[in-house]
Amino acid sequence: MKFITEFRSSELAEGLISQIHRKSKTSARFMEFCGGHTVTIFRYGIRRVLPSTIDMVSGPGCPICVTANADLDKAIALAQIPEVIIATFGDMLKVPGSHSSLQEVKANGADVRMVYSTMDALKIAEDNPGKSVVFLGIGFETTAPTIAASILQAEENGIKNYYVLSLHKLCPPVIRAILDSGEVKLHGLICPGHVSAIIGSHPWEFIAQDYGIPCVVSGFEPLDILQCVNMLVAQIENGESKVEIAYRRGVRPEGNQQALKLMEEVFETCPAEWRGIGEVPDSGLKVRKEYQPFDAEVAFDIDPGSPYEPEGCICGDILRGVKTPLDCWLFGKVCTPESPVGPCMVSSEGSCSAYYLYGGDFEG
Amino acid sequence: MKDKILLAHGSGGKLGHELVEKGFLKAFANPLLAKLDDSAVFDLSGRLAFTTDSYVVSPIFFPGGDIGKLAVCGTVNDLAMSGAKPLYLSLSFIIEEGLPQGELNQIVSSVRKAAQEAGAEVITGDTKVVHRGSADKLFINTAGIGIIPEGVDISGGNAGPGDKVILSGSIGDHGIAVLSQREGLSFSTQLESDCAPLGSLVAEMLKASLNIHCLRDPTRGGLATTLNELAKQSKVSIRIEEEKVPVREEVLAACEMLGFDPLYVANEGKLVAIVPAKDADKVLKAMRENHYGKGAAIIGEVKAEYPGRVVMKTCLGSSRIIDMLVGDMLPRIC
């Protein structure tokens with residue numbers, strides 16, 4: 001098993017596609033929550049091989065896209081404090097805040113460094129004892145445990161110049177908020193694979209039970225998505241609604257207990273502001289009091305001013321699944337990956353970026 | 001000789017002369033360089049190709065090569081992509097003070113070997129040494145001159161509907177090999193850069209057919225960017241099939257891990273050829289007989305509709321657009 005080519009086999013794909021076509025009788029709309037799934041769906045042209053009974057919409061599962069401008073502004077303001085080094089995952093650099101981006105302030109002299117792991121950020125702190133290193137904690141349940149681990153490591157090693165700006169968000173509460181809003185009628189949910197690797201499949205049960213919507217946890221290869229759609233269609237045609245895992249090589253029903261323990265130890269839930277969705281109770285993570293010395297919100301006096309939303313940008317509607325990038329007049333004209341207006345065009349997992357790069361409107 | 005390069009090596013004095021005589025002259029021994037005049041003087045007649053490039057790869061040593069080999073291969077390959085046989089090279093070293101003499105010697109020796117294989121001579125050069133921090137160890141600037149055989153007319157604007165698109169081997173090897181050595185990212189892989197001079201491969205291809213329409217080496221920006229350039233320049237669309245594009249399993253795995261698409265990862269020893277359909281099999285056969293074209297494959301064809309677009313048939317039988325690389329995926333890989 002090499003875990004890649006087998007999951008891109010055209011023969012197996014053909015079989016799954018014809019099964020889906022045979023089975024699917026009832027019109028249904030599925031949402032893929034996760035931006036990683038959105039990319040796979042566009043990269044392999046999956047929407048075009050599905051029967052006309054199935055309508056797919058993208059959800060809010062791109063952590064950078066859902067980060068509110070007010071929070072981005074905080075990160076940009078932190079970067080401009082003298083003797084502060086910002087350590088961040090690369091995707092954040094180009095995201096426009098209200099007035100600037102990390103990339104722009106970096107060009108003007110701010111010390112912003114791209115890292116691939118939180119432990120690299122910790123190393124920067126160790127190597128620069130005279131400076132303060134702030135790691136931008138952006139992500140879902142997937143990244144939160146490693147960031148929690150970095151705080152525990154910093155405490156153990158007595159590193160006193162390492163801070164985390166925790167902008168983490170939790171997935172199940174926001175799905176509840178979307179379903180409660182009643183704006184999008186969904187008949188099936190493709191649950192995020194990596195998030196579920198941490199939290200397991202149990203936290204999705206409420207969707208199947210309270211809302212009667214079938215849920216299947218999917219992996220990220222084209223065959224994973226097809227298999228997941230196939231299972232959703234089967235549930236619908238059988239009149240069922242339950243939570244199933246199509247991504248068994250990555251996800252267990254109970255999740256990763258060790259990672260969950262780390263998260264629980266360092267963070268507690270708090271209300272969080274989601275772009276386009278607004279404040280969702282218990283959908284954020286903040287650093288617990290016991291670890292306050294590592295909390296950038298506490299350590300620094302940040303005043304980024306009031307946030308400003310770019311005129312005409314409909315990222316918020318796209319994130320709720322109410323509109324698609326093709327409904328936006330800025331798309332492809334004013335807003336492109338080279339000069340993005342909204343975050344969904346910047347992040348590699350953003351819907352607008354996937355539509356633009358892989359030709360979501362191309363019929364040839 | 002000193003064991004580190006000092007600012008004095010670049011000041012035109014004794015140390016500099018020692019570096020030239022013991023380092024460069026010996027390695028690149030040829031009569032045009034040995035004269036040590038301010039310029040190399042020679043006769044040439046025919047259609048010439050002339051190119052220049054700069055090399056700033058980091059790290060300067062990577063699996064399968066180093067900045068010296070890369071500089072020669074990159075330059076002779078640019079000449080070869082016009083169908084030219086590479087003849088002469090210039091080489092300028094911009095060295096950060098403190099570079100170990102041993103590392104410089106190793107790079108000069110790589111330059112010598114690569115130039116020898118490519119059949120080109122280094123006939124002029126320059127050395128500058130800059131303060132620590134003003135360069136990253138070593139930058140190399142080159143120029144190259146080559147001669148184009150009679151009857152050859154290769155340009156990115158020559159692709160026409162019906163032509164076949166041939167790729168000379170697996171993609172992404174160079175970019176991933178260099179990346180695997182990066183600080184903060186290093187991962188272990190057996191993968192080596194594909195860095196190689198392609199002059200002999202091109203010569204064999206031209207022997208098979210003088211009708212080759214386009215040649216291009218998919219370096220920075222990868223195969224996707226090269227195909228987009230050709231589609232735009234020739235005002236045609238290019239359609240390729242995902243399953244026909246060779247990618248090593250290690251490259252696929254690294255790309256998955258890092259979130260890259262192999263179509264955008266750099267190559268330094270591969271070429272894309274666009275040839276008339278009737279000559280495609282002949283050219284493909286000639287390529288497969290050359291060491292650097294063993295993995296060659298026809299990956300797609302040229303169409304008239306949707307000019308400027310590159311479209312790929314995915315493994316699911318669906319199709320999608322392939323756009324140019326946006327921004328900077330991998331910093332300083334060449």
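The values are calculated or read from the model by the stated rules, or taken from the named source; none is laboratory data. Quantities reported herein were computed from a predicted structural model and do not represent experimental measurements. Glycine gets a Cβ as well: all are built from the backbone with ideal geometry, and neighbour counts include every protein chain shown. These accessible areas exclude ligands, DNA and RNA; they are computed on the full protein's heavy atoms, side chains included. Shrake-Rupley method; radii C 1.70, N 1.55, O 1.52, S 1.80 Å.
Could you check what % of the DSSP bridge pairs in the range A:199-338 are antiparallel, to the nearest 5?
Within the range A:199-338, antiparallel bridges account for around 65 percent of the total.
What lysines sit close enough to B:LYS85 to cross-link, taking a C-alpha to C-alpha distance under 23 Å and skipping anything fewer than 8 places away on the same chain?
Leaving aside lysines fewer than 8 places away in the same chain, those within reach of B:LYS85 are B:LYS69, B:LYS113, B:LYS207, B:LYS270, B:LYS282, B:LYS285, B:LYS294.
Under the Karplus relation 6.51 cos²θ - 1.76 cosθ + 1.60, θ = phi - 60°, what is the ordered set of whole-Hz ³J(HN,Hα) values for the range A:161-178, x standing for Gly and Pro?
Values, residue by residue: 10, 10, 9, 10, 8, 8, 10, 4, 10, 10, 7, x, x, 6, 5, 4, 4, 5 Hz.
Over the range B:164-321, what is the relative contact order in whole percent, taking alpha-carbon pairs under 8 Å and six or more residues apart?
Computed value for the range B:164-321: 43 percent relative contact order.
Averaging sequence separations of C-alpha pairs under 8 Å and six or more residues apart, then dividing by the length of chain B, give the relative contact order as a whole percent.
Relative contact order comes out at 22 percent.
With no solvent and one point per C-alpha, what does the Debye sum give as log10 I(q)/I(0) for the range B:164-321 at q = 0.08, 0.14, 0.15, 0.20 Å⁻¹?
Here log10 of I(q) over I(0) equals -0.22, -0.68, -0.78, -1.28.
When we measure straight from the Cα of B:LYS232, which lysines land under 18 angstrom away, once same-chain ones fewer than 8 places off are left out?
By straight Cα distance, B:LYS232 reaches B:LYS164, B:LYS303.
For the protein assembly as shown, what is one quarter of the convex hull surface built on the Cα atoms, given in nm²?
Across all orientations, the protein assembly as shown yields a mean hull projection of 32.3 nm².
Counting only protein heavy atoms and a 1.4 Å probe, tell me what percentage of the range A:249-312's accessible area is made up of carbon and sulfur.
45
Identify which of B:LEU227, B:LEU15, B:LEU201 has the largest mean-square fluctuation in a Gaussian network model of chain B, with springs joining Cα atoms closer than 10 Å.
The residue with the greatest mean-square fluctuation here is B:LEU15.
Please say if chain B is rounded, prolate or oblate, where rounded means a/c under 1.5 for a ≥ b ≥ c the square roots of the C-alpha gyration tensor eigenvalues, and otherwise the choice is prolate for a/b larger than b/c and oblate otherwise?
Oblate, because a/c is 1.5 or more while a/b does not exceed b/c.
Classify the range B:57-129 as rounded, prolate or oblate from the Cα gyration tensor: take a ≥ b ≥ c as the square roots of its eigenvalues, call it rounded if a/c is under 1.5, otherwise prolate when a/b beats b/c and oblate if not.
Cα axes put the range B:57-129 in the prolate bin.
So if we plug the beta-carbon distance of A:LYS242 and B:GLU117 into 1/(1 + (r/R0)^6) with R0 = 56 Å, what FRET efficiency do we get, rounded to 0.05?
0.30
Per residue, how large is the accessible surface of chain A? Use a 1.4 angstrom probe and give square angstrom.
So chain A comes to 41 Å² accessible per residue, rounded to a whole number.
Collect residues whose amide H, placed 1.01 Å from N in the peptide plane, falls under 5 Å from the amide H of A:SER201; neighbours closer than 5 in sequence don't count.
Here A:GLU254, A:GLY255 satisfy the definition.
Quick one: helix B:249-258 against the long Cα principal axis of chain B, what's the angle to the nearest 10°, folded into 0 to 90?
That helix lies at roughly 80 degrees to the long axis.
Can you give me the distance in nm between label points at B:ARG47 and B:GLN106, each placed 7 Å from the Cα along the Cα-to-Cβ direction?
4.2
How many Å² of accessible area per residue for chain B, probe 1.4 Å?
About 42 Å² of surface per residue is accessible.
Which value, in debye to the nearest 20, gives the size of the charge dipole of chain A about its Cα centre, when Lys and Arg are +1 and Asp and Glu are -1 at the Cβ?
Computed about the Cα centre, the dipole is about 940 debye.
So how tilted is helix B:199-208 from the main axis of chain B? Cα-based, degrees 0 to 90, rounded to 10.
So the inclination is approximately 40 degrees.
Run the accessible area of the range B:7-148 with a 1.4 Å probe and give the carbon-and-sulfur part as a rounded percent.
53
Restricting to the protein assembly as shown, compute how many DSSP beta bridges are antiparallel as a %, nearest 5.
The antiparallel fraction comes to roughly 55 percent.
Normalising by the residue count of the range B:34-188, find the relative contact order in percent from Cα pairs under 8 Å and 6+ residues apart.
That works out to 35 percent.
Dipole of the protein assembly as shown (Lys/Arg Cβ +1, Asp/Glu Cβ -1, origin at the Cα centre): which of A:VAL184, B:TYR264, B:LEU44 lies farthest to the positive side?
B:LEU44
At a 1.4 Å probe radius, carbon and sulfur cover how many percent of the accessible area of the range B:177-217?
About 41 percent, which is the carbon plus sulfur part of the accessible surface.
Roughly how tilted is helix B:101-118, in degrees to the nearest 10 and between 0 and 90, from the longest Cα axis of chain B?
It works out to around 50 degrees.
Just the C-alpha atoms of the range A:250-318: what Rg/Rh do they give, with Rh taken as the Kirkwood radius?
1.08
Could you count how many Lys pairs in the range A:30-357 have their Cα atoms under 21 Å apart, skipping same-chain pairs fewer than 8 positions apart?
Pairs that pass both the separation and distance tests number 24.
Using a 1.4 Å probe on protein heavy atoms only, how many Å² of accessible area do A and B hide from each other, summed over both chains and rounded to 100?
Interface between A and B: roughly 2300 Å².
Per residue, how big is the convex hull around the C-alpha atoms of the range B:265-331? Give it to me in cubic angstrom, could you?
About 134 Å³ per residue, rounded to a whole number.
Which three numbers, in whole Å and largest first, are the semi-axes of the equivalent ellipsoid of chain A derived from its Cα gyration tensor as √(5λ)?
Working through the eigenvalues yields semi-axes of 36, 23, 18 Å.
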